[in-house]
């Protein structure tokens, strides 16, 4: 690979009007069509330059993220938002040529119609990113879209505005706007972006906004991938290691201040183990965060709007009879939550009922609901009565309980004896189902999501396909088809499948 070239492009102004956004899309599509599907070398060069934009400005991005959140330590910024894209790029560099290769359709030649499948780029891919991991969750899909041979337009979240500015400037240093361009702006800008006639659109964010994005895309028949959220359950089986479960639930519930779509929202614990679980959870929290108010390792709630939303969830539950366990140093309990710095203490809620808002609304903060249970079937019924979550977690052995849980529930993914480990495994799809998402990406799955699989076939028959049924084809052909129907029906009956007469319920 040659030395990375510099590009003199400059970032766009904030909130470019719809007309300018459309012209940028048209320019990307025109250059895509003029170039045709790019080679492996060109794709990897674009990926290298794009990733270099991020890595060369890693410290600036980290500082901006800290400022936007109010408090977000460098380790969290580097690990979750900057470095996380590197392993995926290594996989792409290793396997991209094989992914791009044409594939013969097995048995097609023997059937007289030899065929193969081409994997072609779609054209221009739109990427709408969230605010919780604003860099990583636009970088990964953008890299996979570039691997598939596409051009990319990114709508960066307006919430972390300093990070958006640094990211846009960074991308402009090495990427021409006809390759990758970053759009910044508010909800109006995002709405116009979602209404563009992309060849594919991927959105990461809340289900409510995702529905609006899908509706806007649907007006142009744009295929969408939706990476959404949901209330993710944790279940402790009868043989679970309670201490391990409490420690690991704590770790992910407090990661990024609880502002992760894969966070556990509620935990079902065997009734006899509830007190032990809550006690172990409290110990784990205080081991990681002996103080909270001014601790620089705490990630703040991102803005006042979300601070008010999370505190309102706790207040509503408490007013309706929930028991609130605030986990903080004794001298800090009365000072939390604190609006200055947007600090909300790690909290456990017990005795939560259905009429409390937190029973149905995703938390996205350091608050956990704990339910007791007596029988696993009641847990399964509870999970199934609600929208399918993005993730489901189970602690315990790979025995009948776990098998029953994963057989009878639906979720985007499942992790056993830990949280979020199923997500981002190279080569495995990552995505939700139902209200928690649509489609998937990550690794080869992402490459295929942003590609069009086209079948190319040839005929070796002396008679054309349509000529076999057009006049003068007649009685002999009709009798042959009737015989084929009768033969197939006899085979079905022979397999002892019950075929009920028409009209019988």
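The values are calculated or read from the model by the stated rules, or taken from the named source; none is laboratory data. In this text the structure is predicted, and so the values were computed from the model without any measurement. All Cβ positions, glycine included, derive from the backbone under ideal geometry; neighbour counts span all protein chains shown.
Things worth noting here:
- From the options 325, 348, 363, 370, residue that is in the same structural domain as residue 269 (by TED's automatic domain parsing) and either more than 28 Å from residue 238 (Cα to Cα) or outside any strand (DSSP E or B) (or both): 363
- Of note, residue 221 satisfies the criterion of being on the phi > 0 side of the Ramachandran plot and surrounded by fewer than 20 Cβ atoms within 10 Å (Cβ to Cβ).
- Some residue of the stretch 95-109 being buried (at least 20 other Cβ atoms within 10 Å of the Cβ), in contact (Cβ under 8 Å) with a residue 40 or more places away in the chain, closer than 29 Å to residue 40 by Cα and in contact with a strand residue (DSSP E or B) (Cβ under 9 Å, 6 or more places away or on another chain): yes
- Flag set for residue 88, criterion: under 26 Å from the mean Cα position of the chain (by Cα) and either surrounded by fewer than 16 Cβ atoms within 10 Å (Cβ to Cβ) or not assigned by TED's automatic domain parsing to the domain that holds residue 299 (or both).
Residues are listed down the side, and each one gets a yes or a no for (1) without any contact (Cβ under 8 Å) to a residue 24 or more places away in the chain; (2) over 30 Å from residue 260 (Cα atoms); (3) in contact with a helix residue (DSSP H, G or I) (Cβ under 6 Å, 6 or more places away or on another chain):
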residue: 17; (1), (2), (3): no, yes, no
residue: 39; (1), (2), (3): yes, yes, no
residue: 58; (1), (2), (3): no, no, yes
residue: 77; (1), (2), (3): yes, no, yes
residue: 85; (1), (2), (3): no, no, yes
residue: 115; (1), (2), (3): no, yes, no
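- Of the strands (runs of 3 or more DSSP E) lying entirely inside the stretch 185-237, the ones with 1 or more residues being more than 30 Å from residue 396 (Cβ to Cβ), under 19 Å from the mean Cα position of the chain (by Cα) and touching a residue at least 60 places away in the same chain (Cβ under 8 Å) are found at 200-204, 224-227.
- Answer residue from the stretch 431-470, given it is assigned to a helix (DSSP H, G or I) and over 13 Å from the mean Cα position of the chain (by Cα) and is surrounded by the most Cβ atoms within 10 Å (Cβ to Cβ) among those: 447
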